[in-house]
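Working notes, structure below.
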Amino acid sequence: MAEQFRIIRSNLQYVLGKNERPVIMVTSSFSGEGKSFISTNIGAVIALTGKKTVIMEYDIRKPKIVAGLEMKRKMGITNYIIGKARFDELIVKVEGVDNLYVIPCGPIPPNPAELLLDKRLGELMKEVKEHFEVVIMDTAPIDRSPVRGFRRSM
C-alpha cells in the first residue's frame, strides 16, 4: 500500500507542476469512502520528501484525522474562526513523521456550514500557506447538502 501512495505522490508532482505551495482538497461523494485515510497517507508520503506538510481537518461535522492518528484533540479551526485561538496554537506535530503536521477542526459547532463562511477562514488559509509548503484539506463529502432531503445526482 505504501508503494501505491508513492505512485500517487509522483502523479501529483506531475499534475501540480511548478506550483510552489499547492493546496490539495480531498473529498468524495459519500461518507465512509476513505477521505481521511487518503489525506493522512498522501500527507505522510509528501512529508517524506522533505516538504513541510499540514493536514487540515476540515470535515467539521465528523472529524477523523486526529482520532485516526491517535492524537489528543485540542484547539483547532473552529477556535481560530471565533477568535479564541492564535494560529501558532493550532499546529500539532505528527509524531514519528518528519515534516508532517495537523491542524485539528476544534470543537464541533452547532452551525458548521455558516462558520466556514467567516472571513477569518481566509486569514487562516493565508497563514497556513505562509508556513507550510503543502496543504492537504480533508473535507466533508459532497453528499451533505444544506437542503434537507436534497441530494446531488452525478
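Think of a 1.4 Å ball rolled over the protein heavy atoms: the chain then has 60 Å² of accessible area per residue. Looking at the chain alone, DSSP beta bridges between its own residues are antiparallel in about 15 percent of cases. The dipole here belongs to segment 81-127: it is taken about the Cα centre, uses +1 on the Cβ of Lys and Arg and -1 on the Cβ of Asp and Glu, and is about 160 debye. Stretched out straight at 0.36 nm per residue, the stretch from Ile8 to Lys52 would grow longer than its current Cα-Cα span by 14.0 nm.
From helices alone, the chain scores -9500 deg cm²/dmol at 222 nm; the rule is -39500 (n - 2.57) for each run of n ≥ 4 DSSP H residues, then divide by the residue total.
Could you look at segment 1-136 and say what percent of its accessible area is carbon and sulfur, using a 1.4 Å probe and all protein chains? In segment 1-136, the share of accessible area belonging to carbon and sulfur is 54 percent. Only Cα pairs under 8 Å and at least 6 apart count here; give the relative contact order of the chain as a rounded whole percent. That works out to 35 percent. Spin-label pair Asp98-Met1: with each label point 7 Å from Cα along the Cα-Cβ axis, the two points sit 2.5 nm from one another. Could you tell me the calculated FRET efficiency between Arg86 and Ile142, based on Cβ-Cβ distance and R0 = 30 angstrom, to the nearest 0.05? Efficiency computed from Cβ-Cβ geometry: 0.40.
Placing +1 on the Cβ of every Lys and Arg and -1 on the Cβ of every Asp and Glu, with no other charges, gives the chain a dipole of roughly 320 debye about its Cα centre.
Loop-resident GluC sites (Glu not before Pro) (DSSP state other than H, G, I, E or B) in segment 40-146 with no more than 11 further Cβ atoms inside 10 Å of their Cβ: Glu70, Glu95.
Scaling against 2.2 N^0.38 Å puts the C-alpha radius of gyration of segment 1-111 at 1.09.
Which residue, Asn79, Asn19, Asn41, has the most motion in a Gaussian network model of the chain that connects Cα atoms within less than 10 Å? Result: Asn19 has the largest fluctuation of those listed. Taking a spot 7 Å from the Cα of Leu16 along the direction of its beta carbon, which residues of segment 90-121 have an amide N less than 20 Å from it? Zone members listed by number: 91-95, 97-104. Near Asn111, once Lys and Arg are set to +1 and Asp and Glu to -1 for all other residues with Cβ below 11 Å from its Cβ, the sum equals -1. For the residues Val15, Val94, Val66, a GNM of the chain with alpha-carbon springs under 10 Å puts the largest fluctuation on Val15.
The values are calculated or read from the model by the stated rules, or taken from the named source; none is laboratory data. As the structure is a computational prediction, the values presented were derived from the model and not from experiment. Please note: Cβ atoms are built from the backbone with ideal geometry, for glycine as well, and neighbour counts cover all protein chains shown. Surface accessibility is based on the protein's heavy atoms, side chains included, excluding ligands, DNA and RNA. Shrake-Rupley method; radii C 1.70, N 1.55, O 1.52, S 1.80 Å.
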